[in-house]
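Just below is one structure, and these are the notes that go with it.
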Amino acid sequence: MSTVLSLQNIAKSYGPVRALAGVSFDVPEGSVFGILGPNGSGKTTLLGIVMDVLKANSGDFRWFGQPGTPEHRKKIGSLLETPNFYTYLSATDNLKITQSISGRGDAAEIESVLKKVNLFERRKYRFSSYSLGMKQRLAIAAALLGNPKVLVLDEPTNGLDPVGIAEIRQLIMDLSKQGHTIIMASHLLDEVEKVCTHVAILKTGNLLTTGHVDEVLSDEDTVELGAPDLQQLAAFLQHAGEQVTVDEKTGTLILTLPKGSSNLEDINRRCFENGIVLNHLLLKKKRLEAKFFELTNN
Ligand code: ATP
């Protein structure tokens, strides 16, 4: 798989505030790449740098293996800030204006980008009548003018309600299927976990980890167990030298094992032979949330 974007040691400070402390990672072609981190971790700064809105103090980045040229720029659509659309104009007219200012794409493409973001039926309505989710989809339509290979989105679901979030999530997955590589910053773990294939986790300007979501998550096995007497089960497993915690919320016991070492049959048999009948036994992938807190709390 070829690399769409490669960052080498990107550092950036705003006066005394170090926003990025030498960050390096690669974005593979065809990925939905999430840049994840708490507020102030440097996500927006990073996107600003790769989109040439900000200048790094040091380091280097390459799009498609080359230092940026206007030709490469045309392959990248971005949505870093909410664009200023005219409230009294329709989606079509707003995109005509965007298109004529940016010079990206042509008038014929406006209909096709509106179809892509599922606004074609509403294209003649005024922007002011749109929901926040529709406004955001129109902004993504504007970024899609010129049919860029890559889309760079900063917190694409910010401020949206659950329906709007689900719509944007679906749109991102559809765009990915159509062949666009998506790079998105988010502080919403759940969102990144649901749509992203790859992730880079930042904390105060440092890269904590990067890779395929499954790789980032799969450094240990988590097994969920349930039994009528949870305390008895916990005591038995602890006595056997296992690492267990009780999840009060779900009323289950969580057993953490080195990656690939869990054997559900064996666990079940051992419990049964010791008079414990399990009513729940499930191997879980470690959730991104748990991994994220583990990484960012250190
Ligand atoms: P958020 O999720 O809150 O948008 P972020 O991860 O995008 O955060 P950045 O906005 O890149 O993080 O900010 C990184 C650091 O740089 C923060 O400490 C922030 O306060 C600081 N910073 C960002 N922009 C500026 C600026 N223009 N002047 C001074 N400091 C800045």
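The values are calculated or read from the model by the stated rules, or taken from the named source; none is laboratory data. The shown structure was predicted, so the numbers you read here are calculated from the model rather than taken from an experiment. FYI the Cβ positions are ideal-geometry reconstructions off the backbone, even for glycines, and counts take in every protein chain you see. The accessibility values were calculated without ligands, DNA or RNA, using every heavy atom of the protein model including side chains. Shrake-Rupley method; radii C 1.70, N 1.55, O 1.52, S 1.80 Å.
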Complete set of residues in the range 252-269 that are open to solvent by less than 50 Å² (accessible area, probe 1.4 Å) and under 30 Å from the mean Cα position of the chain (by Cα): T252, L253, I254, L255, T256, L257, S262
Count - residues of the range 1-49 that are within 15 Å of the ligand (Cβ to nearest atom) and more than 16 Å from L207 (Cα to Cα): 5
Candidate set: the range 185-204, residues that are modelled with pLDDT of 85 or more and β-branched (V, I, T); chosen: the one nearest to the ligand (Cβ to nearest atom): T204
Criterion (in the same structural domain as K115 (by TED's automatic domain parsing) and more than 24 Å from A139 (Cα to Cα)) met by exactly one of T210, T181, T197: T210
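Quick one: which residue in K135, K96, K115 is basic (K, R), under 28 Å from the mean Cα position of the chain (by Cα) and surrounded by fewer than 17 Cβ atoms within 10 Å (Cβ to Cβ)?
Values: K135 fails: surrounded by fewer than 17 Cβ atoms within 10 Å (Cβ to Cβ); K96 fails: under 28 Å from the mean Cα position of the chain (by Cα).
Of the residues listed, the single one that is basic (K, R), under 28 Å from the mean Cα position of the chain (by Cα) and surrounded by fewer than 17 Cβ atoms within 10 Å (Cβ to Cβ) is K115.
Any idea which of P83, P148 is of a type outside the set (D, E), within 26 Å of T44 (Cβ to Cβ) and surrounded by fewer than 18 Cβ atoms within 10 Å (Cβ to Cβ)? Working first, answer last.
Details: P148 fails: surrounded by fewer than 18 Cβ atoms within 10 Å (Cβ to Cβ).
P83 is the lone residue from the list that is of a type outside the set (D, E), within 26 Å of T44 (Cβ to Cβ) and surrounded by fewer than 18 Cβ atoms within 10 Å (Cβ to Cβ).
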Extreme residue, farthest from the chain's Cα centre (by Cα), among residues of the range 184-243 that are more than 16 Å from K284 (Cβ to Cβ) and hydroxyl-bearing (S, T, Y): T204
Where L208 falls short, out of the listed (1) away from the ligand (no atom under 16 Å from the Cβ); (2) modelled with pLDDT under 90: (1)
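Inspect all residues belonging to the range 65-73 and state whether any of them is within 12 Å of the ligand (Cβ to nearest atom) and at pLDDT 85 or above.
no
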Filter result (in contact with a helix residue (DSSP H, G or I) (Cβ under 6 Å, 6 or more places away or on another chain) and within 15 Å of I183 (Cα to Cα)) within the range 111-150: L144
Residue in the range 53-63 that is assigned by TED's automatic domain parsing to the domain that holds L7, modelled with pLDDT under 95, more than 16 Å from the ligand (Cβ to nearest atom) and open to solvent by less than 50 Å² (accessible area, probe 1.4 Å) present: yes
Where Y88 falls short, out of the listed (1) touching a residue at least 40 places away in the same chain (Cβ under 8 Å); (2) of a type outside the set (A, V, I, L, M, F, W, C); (3) open to solvent by less than 60 Å² (accessible area, probe 1.4 Å): (3)
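When only residues in the range 225-251 that are in a strand (DSSP E or B) and at pLDDT 90 or above count, which is surrounded by the fewest Cβ atoms within 10 Å (Cβ to Cβ)? It would help to see each step written out before you state the result.
So the first thing to find is which residues in the range 225-251 are in a strand (DSSP E or B), and the list is 225-226, 243-247.
This time we only want the ones that are at pLDDT 90 or above, so: 225-226.
On the way: L225: 23, G226: 16.
Among those residues, the one meeting the criterion is G226.
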